[in-house]
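Have a look at the structure below, then the notes.
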Amino acid sequence: MDFSFTEEQNAIRDTAQRFSRDKLLPFYQEREKTATIDRKVVKEMADLGLIGVELPEEFGGLGQDCVTCGVIVEEMAKGDFNYAYIQIMAGLNGSILCKQAQHEVAMEWIPKIISGESLISIALTEPGHGSDAANIVVSAKKDGDSWVLNGEKTSISIADQSDVAIIFARTGGPGARGISAFLVPMDLPGITRNHFNCMGNKIIGRGSIFMDNVRIPENHLLGKENEGFVTVMQGFDYSRVLLGLQCLSTAQQSVNETWEFIAQREAFGRPIAKFQGVSFPLAEAETMLEAARTLCYKTLWLRDQGLPHTKEAAMCKWWPPKIAHEIIHQCLLTHGHGGYDDSYPHNQRMRDVLGIHIGDGTAQIQKMVIAREVAGRVTVSHAD
């Protein structure tokens, strides 16, 4: 087994690391107050090739593998959890467009996403249908050479800031087989949006998208009619891994800063790093972070090899966010009251990571996926 990165991956890491250290980390807490994405920062990311790197060169991407994308997400999240999410959304949604959008539509939007000109969101969740995602009621009806969409999507990342969104709507009968996916520009008549006041992820933000007789061209259907849900959901195995790395890297940054803090802070005439009660929790954190990080990169490698990785992706979605939250919490406590207020960024990081426990698939759903994958294999084995 080879656990090393290539020279090219290390070079990309260096670029992402410098940008994160110089352009993101110093302004992480200050930017939360704005509750908006700074488009100039996004453009700087894009100019350095840090958005949509896995997308084909035909559209302006670099055609890199999934492991390389993980490297970028790791480094970006150390500086600002929220801006790492932009790369994740660009990769997930850009890949969907590459595979499912008609060529002229893909050529219109993917280069804008890679260049940082446009932000894209994905709208699946509805007010009455969160984890039960296949039971959506937003409708899309064919009208001549157009589709007309009606209904509400909620708890959508970048809802009020995206320029375009992939929206799932019911076009057929009940269940997953009656759902289609559409690419919907957010400036169309009939679209209104709002912004939730969430605990964390304030820069990315979540909100609702309301559609009142929104008319889109026929060619904005993604893939085949009534097959959008089944086809597009496969892409979430990828984003789940990157979300796990995003949380782990954010926690690692807090751990790094806490090691420095306990080396300088003194009590009873000695640096508090000398006390096992202070240093042992950080040693445990390093162990957990290393194990979870290895799981994430293994899963990305499996994807790059074209091997099954649904079970591993689900593991990456529920476990890393959990331990990341616990580790950042410990770092906050180690900093005393300074960690409890905004003297340090740990409380903001803890709130940002917490959101991933809810969005993009809860821990309970991921465990169901894992159980289904394992139980299915056991059943097949016994049948043989």
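The values are calculated or read from the model by the stated rules, or taken from the named source; none is laboratory data. All values derive from a computational prediction rather than experimental measurement. Neighbour counts are summed over all protein chains in view; Cβ atoms, including those assigned to glycine, are modelled from backbone coordinates with ideal geometry.
Worth a mention:
- Pick from region 163-179, criterion small (Gly, Ala, Ser) and under 16 Å from LEU222 (Cβ atoms), ranking: surrounded by the fewest Cβ atoms within 10 Å (Cβ to Cβ): GLY172
- Residue check, MET199 of a type in the set (A, V, I, L, M) and surrounded by fewer than 16 Cβ atoms within 10 Å (Cβ to Cβ): yes
- Going through (1) within 25 Å of GLN64 (Cβ to Cβ); (2) part of a helix (DSSP H, G or I) one by one, PRO308 falls short only on (2).
- In this structure, LEU307 does not qualify as under 28 Å from GLY200 (Cβ atoms), modelled with pLDDT of 95 or more and aliphatic (A, V, I, L, M).
- Selection of region 81-120 for residues being in contact with a Phe, Trp or Tyr (Cβ under 9 Å, 6 or more places away or on another chain) and either on the phi > 0 side of the Ramachandran plot or outside any helix (DSSP H, G or I) (or both) yields ALA101, SER118, ILE120.
- Residues that are farther than 21 Å from ILE156 by Cα and either of a type in the set (A, V, I, L, M) or assigned to a loop (DSSP other than H, G, I, E, B) (or both) do occur in region 28-43, at least one of them.
- Residue match in region 52-59 (condition: in the same structural domain as ALA101 (by TED's automatic domain parsing), within 19 Å of GLU117 (Cα to Cα) and in contact (Cβ under 8 Å) with a residue 60 or more places away in the chain): yes
- Checking each residue in region 333-353 for being in contact (Cβ under 8 Å) with a residue 24 or more places away in the chain and either under 20 Å from MET288 (Cβ atoms) or buried (at least 18 other Cβ atoms within 10 Å of the Cβ) (or both) picks out THR334, HIS335, TYR344, PRO345, HIS346, GLN348, ARG349, MET350, ARG351, ASP352, VAL353.
- Any hit, region 367-384, residues being under 19 Å from the mean Cα position of the chain (by Cα), assigned to a helix (DSSP H, G or I) and modelled with pLDDT under 95: yes
- All positions within region 176-198 that are among the polar types (S, T, N, Q) and either part of a strand (DSSP E or B) or on the phi > 0 side of the Ramachandran plot (or both): SER180, THR192
- Those strands (runs of 3 or more DSSP E) of region 124-175 in which 2 or more residues are over 23 Å from GLN102 (Cα atoms) occupy 146-157.
- Hey, TRP259 aromatic (Phe, Trp, Tyr), within 29 Å of HIS329 (Cα to Cα) and either in a helix (DSSP H, G or I) or touching a residue at least 40 places away in the same chain (Cβ under 8 Å) (or both) or not: yes
- Taking the criterion of being within 18 Å of the chain's Cα centre (by Cα) and either among the aromatic types (Phe, Trp, Tyr) or surrounded by fewer than 23 Cβ atoms within 10 Å (Cβ to Cβ) (or both), the residues of region 134-156 that qualify are THR154, SER155.
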